[in-house]
Amino acid sequence: MLKFAGFVILIFILTTLTQTGGLILLCCIPLFRRVDRHVKDDIKRKALKLSLFIAAYLLASVTILPLSARQFGRVPLPVFSNDQLRPLNIFTCVLNRHYVSPRLLRATESVAEELEKLQPGTVLSYLDAGFPFINGFPLLPHLSHDDGEKLDIALMYANSLTNDPTPNDA
(Lines give C-alpha, C1' and ligand atoms only; values in the text may rest on other atoms or scores of the structure.)
Protein backbone atom coordinates (compact mmCIF):
# COMPACT_ATOMS: atom_id res chain seq x y z
CA MET A 1 0.00 0.00 0.00
CA LEU A 2 2.87 2.37 0.83
CA LYS A 3 4.50 1.65 -2.55
CA PHE A 4 1.22 2.48 -4.32
CA ALA A 5 0.87 5.74 -2.35
CA GLY A 6 4.42 6.70 -3.31
CA PHE A 7 3.64 6.00 -6.97
CA VAL A 8 0.50 8.17 -6.81
CA ILE A 9 2.49 11.00 -5.21
CA LEU A 10 5.15 10.68 -7.94
CA ILE A 11 2.45 10.92 -10.62
CA PHE A 12 1.02 14.01 -8.90
CA ILE A 13 4.46 15.68 -8.72
CA LEU A 14 5.29 14.90 -12.36
CA THR A 15 1.90 16.18 -13.49
CA THR A 16 2.25 19.36 -11.44
CA LEU A 17 5.75 20.09 -12.78
CA THR A 18 5.30 19.06 -16.41
CA GLN A 19 1.57 18.48 -17.03
CA THR A 20 2.43 15.33 -19.05
CA GLY A 21 5.00 13.49 -16.93
CA GLY A 22 2.42 11.65 -14.85
CA LEU A 23 0.60 10.37 -17.92
CA ILE A 24 3.85 9.28 -19.56
CA LEU A 25 4.81 7.45 -16.36
CA LEU A 26 1.46 5.63 -16.44
CA CYS A 27 2.08 4.67 -20.07
CA CYS A 28 5.42 3.16 -19.03
CA ILE A 29 3.83 0.68 -16.60
CA PRO A 30 3.71 -2.20 -19.14
CA LEU A 31 7.41 -1.68 -19.84
CA PHE A 32 8.14 -1.60 -16.13
CA ARG A 33 6.33 -4.92 -15.63
CA ARG A 34 8.40 -6.50 -18.38
CA VAL A 35 11.58 -5.18 -16.73
CA ASP A 36 10.42 -6.61 -13.38
CA ARG A 37 10.03 -10.06 -14.97
CA HIS A 38 13.39 -10.09 -16.75
CA VAL A 39 15.82 -8.15 -14.54
CA LYS A 40 16.50 -9.63 -11.12
CA ASP A 41 19.15 -7.22 -9.79
CA ASP A 42 17.34 -4.45 -7.86
CA ILE A 43 19.74 -1.62 -8.78
CA LYS A 44 19.80 -2.57 -12.47
CA ARG A 45 16.01 -2.88 -12.50
CA LYS A 46 15.51 0.59 -10.98
CA ALA A 47 18.12 2.14 -13.29
CA LEU A 48 16.51 0.58 -16.34
CA LYS A 49 13.04 1.76 -15.31
CA LEU A 50 14.32 5.30 -14.76
CA SER A 51 16.11 5.24 -18.12
CA LEU A 52 13.00 3.98 -19.88
CA PHE A 53 10.86 6.70 -18.32
CA ILE A 54 13.35 9.45 -19.21
CA ALA A 55 13.62 8.17 -22.79
CA ALA A 56 9.83 7.94 -23.15
CA TYR A 57 9.36 11.40 -21.64
CA LEU A 58 11.95 13.05 -23.88
CA LEU A 59 10.70 11.24 -26.98
CA ALA A 60 7.12 12.31 -26.28
CA SER A 61 8.24 15.88 -25.50
CA VAL A 62 10.05 16.21 -28.81
CA THR A 63 7.67 14.35 -31.11
CA ILE A 64 4.13 13.91 -29.80
CA LEU A 65 3.55 16.98 -27.62
CA PRO A 66 4.36 19.72 -30.16
CA LEU A 67 1.96 18.18 -32.69
CA SER A 68 -0.77 17.43 -30.13
CA ALA A 69 -0.54 20.86 -28.53
CA ARG A 70 -1.69 22.49 -31.77
CA GLN A 71 -5.08 20.84 -31.24
CA PHE A 72 -5.32 22.83 -28.00
CA GLY A 73 -4.22 26.12 -29.59
CA ARG A 74 -0.64 26.00 -28.32
CA VAL A 75 2.73 25.94 -30.04
CA PRO A 76 6.21 25.60 -28.56
CA LEU A 77 8.51 28.58 -28.41
CA PRO A 78 11.76 27.97 -30.33
CA VAL A 79 14.43 26.09 -28.41
CA PHE A 80 17.39 26.01 -30.82
CA SER A 81 15.95 27.21 -34.13
CA ASN A 82 15.91 30.99 -33.57
CA ASP A 83 19.11 32.97 -32.95
CA GLN A 84 17.22 35.95 -31.51
CA LEU A 85 14.78 34.05 -29.26
CA ARG A 86 15.68 31.19 -26.96
CA PRO A 87 15.09 29.84 -23.47
CA LEU A 88 17.22 31.21 -20.67
CA ASN A 89 17.35 27.72 -19.21
CA ILE A 90 16.84 24.49 -21.18
CA PHE A 91 14.89 22.99 -18.27
CA THR A 92 12.01 25.32 -19.16
CA CYS A 93 11.64 23.27 -22.33
CA VAL A 94 12.45 19.90 -20.76
CA LEU A 95 9.58 20.50 -18.33
CA ASN A 96 7.29 21.50 -21.26
CA ARG A 97 6.74 24.99 -19.87
CA HIS A 98 7.41 26.75 -23.20
CA TYR A 99 4.04 26.56 -24.95
CA VAL A 100 2.12 29.65 -26.03
CA SER A 101 -0.68 30.58 -28.39
CA PRO A 102 0.35 31.06 -32.04
CA ARG A 103 -0.47 34.76 -31.67
CA LEU A 104 1.89 35.16 -28.71
CA LEU A 105 4.61 33.24 -30.57
CA ARG A 106 4.37 35.64 -33.54
CA ALA A 107 4.43 38.68 -31.24
CA THR A 108 7.44 37.37 -29.31
CA GLU A 109 9.35 36.57 -32.49
CA SER A 110 8.54 40.06 -33.78
CA VAL A 111 9.88 41.66 -30.60
CA ALA A 112 13.05 39.55 -30.82
CA GLU A 113 13.58 40.65 -34.45
CA GLU A 114 13.10 44.31 -33.52
CA LEU A 115 15.58 44.01 -30.64
CA GLU A 116 18.10 42.47 -33.05
CA LYS A 117 17.66 45.40 -35.44
CA LEU A 118 18.06 47.96 -32.65
CA GLN A 119 21.00 46.22 -31.01
CA PRO A 120 22.66 43.53 -33.16
CA GLY A 121 23.57 40.43 -31.21
CA THR A 122 20.77 40.86 -28.68
CA VAL A 123 18.99 37.65 -27.69
CA LEU A 124 15.53 37.73 -26.17
CA SER A 125 15.52 35.02 -23.49
CA TYR A 126 12.30 33.59 -22.17
CA LEU A 127 11.46 31.84 -18.94
CA ASP A 128 8.15 30.12 -18.16
CA ALA A 129 5.25 30.38 -20.60
CA GLY A 130 2.62 27.66 -20.33
CA PHE A 131 1.87 23.96 -20.61
CA PRO A 132 0.89 22.35 -23.93
CA PHE A 133 -2.68 21.33 -23.03
CA ILE A 134 -5.85 22.37 -21.24
CA ASN A 135 -6.76 25.96 -20.43
CA GLY A 136 -7.05 26.50 -16.70
CA PHE A 137 -4.23 24.10 -15.77
CA PRO A 138 -1.94 26.30 -13.65
CA LEU A 139 1.81 26.44 -14.16
CA LEU A 140 3.19 26.63 -10.64
CA PRO A 141 4.24 29.07 -9.27
CA HIS A 142 2.64 31.19 -12.01
CA LEU A 143 -1.07 30.65 -11.47
CA SER A 144 -1.93 33.10 -14.27
CA HIS A 145 0.04 31.07 -16.86
CA ASP A 146 -2.89 28.80 -17.61
CA ASP A 147 -4.03 29.80 -21.11
CA GLY A 148 -1.00 30.14 -23.39
CA GLU A 149 -1.23 33.93 -23.32
CA LYS A 150 1.48 34.71 -20.76
CA LEU A 151 5.26 34.62 -21.09
CA ASP A 152 8.02 35.58 -18.69
CA ILE A 153 10.93 37.38 -20.33
CA ALA A 154 14.38 37.47 -18.73
CA LEU A 155 15.69 40.90 -17.80
CA MET A 156 18.42 42.44 -19.93
CA TYR A 157 21.03 44.70 -18.40
CA ALA A 158 22.92 47.43 -20.24
CA ASN A 159 26.12 47.93 -18.28
CA SER A 160 29.56 46.35 -18.11
CA LEU A 161 29.12 45.18 -14.51
CA THR A 162 26.71 42.51 -15.67
CA ASN A 163 28.89 41.13 -18.52
CA ASP A 164 26.42 42.44 -21.08
CA PRO A 165 27.97 42.96 -24.54
CA THR A 166 26.06 46.23 -25.00
CA PRO A 167 28.50 49.15 -25.52
CA ASN A 168 28.54 51.74 -22.74
CA ASP A 169 27.81 54.57 -25.17
CA ALA A 170 24.59 53.00 -26.50
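Out of S110, T92, P78, whose Cα points farthest toward the positive end of the dipole of region 76-123 (charges: +1 Lys, Arg; -1 Asp, Glu; placed on Cβ)?
Farthest towards the positive end: T92.
Near K117, which aspartates and glutamates are there with a Cα under 18 Å away, not counting those fewer than 8 places off in the same chain?
Result set, ordered by chain and number: D83, E109, D164, D169.
Whole-Hz Karplus ³J(HN,Hα) for region 67-72, in order, using 6.51 cos²θ - 1.76 cosθ + 1.60 and θ = phi - 60°, x for Gly and Pro?
6, 5, 4, 4, 5, 9
Quote the charge dipole size of the chain about the Cα centre in Debye, to the nearest 20; the model charges only the Cβ of Lys and Arg (+1) and of Asp and Glu (-1).
About 1300 debye.
Using helices alone, I'd like the mean residue ellipticity at 222 nm for the chain: each DSSP H run of four-plus residues gives -39500 (n - 2.57), total over residue count, nearest 500.
Mean residue ellipticity, 222 nm, calculated: -14000 deg cm²/dmol.
Give me the percent relative contact order of the chain, please, defined on Cα pairs under 8 angstrom at least 6 residues apart.
The value is 18 percent.
Quick one: accessible area per residue over region 1-134, 1.4 Å probe, rounded to a whole number of Å²?
Each residue of region 1-134 exposes 61 Å² on average to a 1.4 Å probe.
Helix 29-38 sits at what angle to the longest principal axis of the chain, using alpha carbons and giving 0 to 90 degrees rounded to 10?
It works out to around 50 degrees.
First compute the accessible area of the chain with a 1.4 Å probe, then give the percent of it belonging to carbon and sulfur atoms.
Details: 7180 of 10860 Å².
Reported share for carbon and sulfur atoms: 66 percent.
Check Y126: other-chain or 5+ apart residues with amide H under 5 Å from its amide H, H built from backbone geometry?
R86, L88, A154
Applying the Karplus parametrisation 6.51 cos²θ - 1.76 cosθ + 1.60 with θ = phi - 60° to the phi angles of region 131-146, what ³J(HN,Hα) value in whole Hz is obtained for each residue in order, glycine and proline being reported as x?
Ordered by residue, 3J(HN,Hα) equals 7, x, 10, 6, 5, x, 8, x, 9, 5, x, 8, 5, 7, 7, 10 Hz.
Calculate log10 I(q)/I(0) of the chain for q = 0.17 Å⁻¹, where I(q) comes from the Debye formula with a single equal point scatterer on each Cα and nothing for solvent.
-1.02
The values are calculated or read from the model by the stated rules, or taken from the named source; none is laboratory data. Worth saying up front: this structure is predicted, and the values here are computed from it rather than measured. Here the Cβ is made from the backbone with ideal geometry for all residues, glycine too, and neighbour counts use every protein chain on show. Surface accessibility is based on the protein's heavy atoms, side chains included, excluding ligands, DNA and RNA. Shrake-Rupley method; radii C 1.70, N 1.55, O 1.52, S 1.80 Å.
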